[in-house]
Each structure stands twice: as C-alpha cells, then as structure tokens.
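Read the structure below first, then the notes.
Nothing in this text is a laboratory measurement; each read-out follows from the coordinates by a stated rule. Keep in mind that this is a model prediction, so the values were computed, not measured. Every residue, glycine as well, gets a Cβ built from its backbone with ideal geometry; the counts of neighbours run over all protein chains shown.
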Amino acid sequence: MHYEYTAIPEGRTPRAAVALLQHALDTYAGETNKVVSVWRAFHDEDLAFRPHVKARSAVDILKHQLLSLLDQVS
C-alpha cells in the first residue's frame with residue numbers, strides 16, 4: 001500500500017534471524033506505516049474529538065492502536 005508518509009520504507013524492514021518469522025517483521029512495518037499515516041492526518045486540535053460522550057477520543061484510539069502493535073511484537 002502507498003502512504004503519503006512512510007516511517008519504515010519498503011526494503012528497509014530488518015531481516016529476521018529465522019526466515020519463517022519474516023512475515024512478523026513485514027506485518028509490523030506495514031502496520032506501523034498505516035498508524036503513522038493516520039496519526040499524521042490529524043491536527044492537534046482534532047485529537048480531543050469524541051463522536052459521543054461515552055466514546056473514546058481520537059488520541060485515545062490512536063494510543064490504543066500503537067500499544068496493540070507493541071503487544072503483537074513482544
């Protein structure tokens with residue numbers, strides 16, 4: 001997929017020590033680029049937005065996404 005901004009350029013994903021696990025690093029790089037691309041689309045004043053009083057804010061959702069990515073890798 002093509003993103004306006006890429007944190008981990010194609011071809012710069014590290015090679016896994018075990019070839020069978022390369023998909024995990026490739027997936028992590030792709031998901032990282034997706035999250036960074038979405039995060040950069042928000043302005044600072046947008047991050048507090050909640051579609052409903054009981055809903056999480058945009059910044060809470062983005063933080064959750066980043067933490068989920070870290071959990072997948074560890």
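Structure notes:
- Against the main long axis of the alpha-carbon atoms of the chain, helix 58-73 sits at an angle near 20°.
- Rg to Rh, two decimals, where the chain supplies the alpha carbon set and Rh follows Kirkwood: 1.07
- Here the spin labels are modelled as points 7 Å beyond Cα on the Cα-Cβ line, and at His64 and Phe42 they lie 1.2 nm apart.
- In the chain, Cα pairs under 8 Å separated by at least six residues give a relative contact order of 29 percent.
- Integer Hz, Karplus 6.51/-1.76/1.60 couplings in order for region 4-14, x for Gly and Pro: 4, 10, 10, 6, 10, x, 4, x, 9, 5, x
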